[in-house]
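Just below is one structure, and these are the notes that go with it.
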Ligand SMILES: Nc1nc2c(ncn2[C@@H]2O[C@H](COP(=O)(O)OP(=O)(O)OP(=O)(O)O)[C@@H](O)[C@H]2O)c(=O)[nH]1
């Protein structure tokens, strides 16, 4: 299945994440810088220095994600410096004890950066830490003082925002996973044959055009066009689903008889196309005979029937300036000749 295609979508997801992380760090850098200006205005030098430090850290995170593509590292920098800054604001009270109001940034950022499970664990630890800071008596250590109503409402509203953010993150990740799954299904439908699991005609056409585009005389290329003999009789005698079973089983026989570099697709009803890279006409004939003999020896065993079929094969080696249609046409003519001469044979064009 399409690892290439799946990774394409994942790369798109990673690119999106990199953009959001860059935006987070840019916004974090600007806001903390602005807050630092207010802290200086209020002559709160310790807070101003902390905010300047935080702003510089966000700046580094922005640089790392933008210039060095270190998405994971900068997301860790953002999230842990955010926790540290928020804990410090709750501890110190910030400007006029309004520092804790900033903690509402934590749930959406945590859940976006770490995902649902890890994000929720981090939020839980964060809540425990702010409870510790706010509820430990002043006699144990000095920290900003907040009225009890403020502390409780802060916690209630923080938990509500966390719950809503988690809900949002859950549906976002569900949608993303569904899109990923749907994308895989569509890709499979576009490239593979449903019944046999082989590549389909469209994929084969694309593959052949690609091979022809890079073909040169030093690297020969051949195709085989193969058709099951008297397949209509199989359907008529054993039924359509037995015919389907024959198609599926022969596909496995073909796959097992080919080299890694060879390619097979279901070209039509009971027709198959083989693309043999680095193979001249003589070598292609050997491959065709190997396939023909494998099918000849094979028995498709169904519940109460043993079915034996043969195949006919037309062979054509690519020659300079042939189009894919001409190549297929020539192989088709050779296949027709194989049928005319009595079937169960391989004929070069
Ligand atoms: N079971 C099944 N049959 C199919 C499928 N696709 C095509 N066929 C059948 O394949 C048969 C092809 O028959 P013909 O084109 O007359 O050829 P043939 O009977 O194989 O005879 P020759 O090619 O001349 O040897 C038709 O009966 C189609 O209905 C399929 O997906 N499943």
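Would you mind computing, in nm to one decimal, how far apart the modelled labels at residue 163 and residue 56 are, each placed 7 Å from Cα along Cα→Cβ?
Taking the two extended label points, one gets 4.2 nm.
Using a Förster distance of 45 angstrom, determine the FRET efficiency expected from the C-beta separation of residue 116 and residue 255, and round it to 0.05.
Once rounded, the FRET efficiency stands at 0.65.
Hey, what angle do you get for helix 324-340 against the long axis of the chain, alpha-carbon based, 0 to 90 degrees rounded to 10?
Result, in degrees: 40.
Please label the shape of the range 180-237 as rounded, prolate or oblate, based on the square roots a ≥ b ≥ c of the eigenvalues of the alpha-carbon gyration tensor (a/c under 1.5 means rounded; beyond that, a/b larger than b/c means prolate, else oblate).
Oblate is the answer for the range 180-237, as a/c is 1.5 or above yet b/c matches or exceeds a/b.
Once Rh for the range 201-348 is found with the Kirkwood sum over Cα pairs, what is the Stokes-Einstein diffusion coefficient at 25 °C and 0.890 mPa s, in µm²/s?
Estimated diffusion coefficient is 158 µm²/s.
Could you give the length gained by full extension between residue 95 and residue 128, i.e. 0.36 nm per residue of separation minus their alpha carbon distance, to one decimal place?
9.6 nm
Evaluate the relative contact order of the range 184-248 (contact order divided by residue number), counting alpha-carbon pairs under 8 angstrom at least 6 apart; express in whole percent.
Over the range 184-248, the number comes to 26 percent.
What percent do you get for the relative contact order of the range 6-79 when only Cα pairs under 8 Å and 6+ apart count?
35 percent
Please give, to one decimal in nm, the separation of the simple spin-label points placed at residue 232 and residue 46, each 7 Å out from Cα toward the Cβ.
Rounded to a tenth, the inter-label distance reads 9.4 nm.
Quick one: length gained pulling residue 19 to residue 142 fully straight, 0.36 nm per residue minus the C-alpha distance?
40.2 nm
Would you mind computing Rg(Cα) / (2.2 N^0.38 Å) for the chain, counting N as its residues?
The chain yields a ratio of 1.65.
Hey, what angle do you get for helix 106-135 against the long axis of the chain, alpha-carbon based, 0 to 90 degrees rounded to 10?
With rounding to tens, the tilt is 20 degrees.
Compare the peptides 284-297, 264-277, 147-160 by average per-residue count of other Cβ atoms within 10 angstrom and give them in order, highest first.
Going by the mean number of other Cβ atoms within 10 Å, highest first, we get 264-277, 284-297, 147-160.
In nm, to one decimal, how far is the modelled label at residue 135 from the one at residue 303, with both set 7 Å along Cα→Cβ?
Calculated label separation equals 6.7 nm.
Of all the C-alpha pairs in the range 199-281, what % are more than 21 Å from each other?
When every Cα pair of the range 199-281 is considered, 36 percent fall beyond 21 Å.
Any read-out appearing in this document is the output of simple, stated calculations on the displayed coordinates, not a laboratory observation. On a predicted model such as this, the values are computed, not experimentally measured, just so you know. All Cβ positions, even for glycine, are placed from backbone atoms using ideal geometry, and neighbour counts span all protein chains on display.
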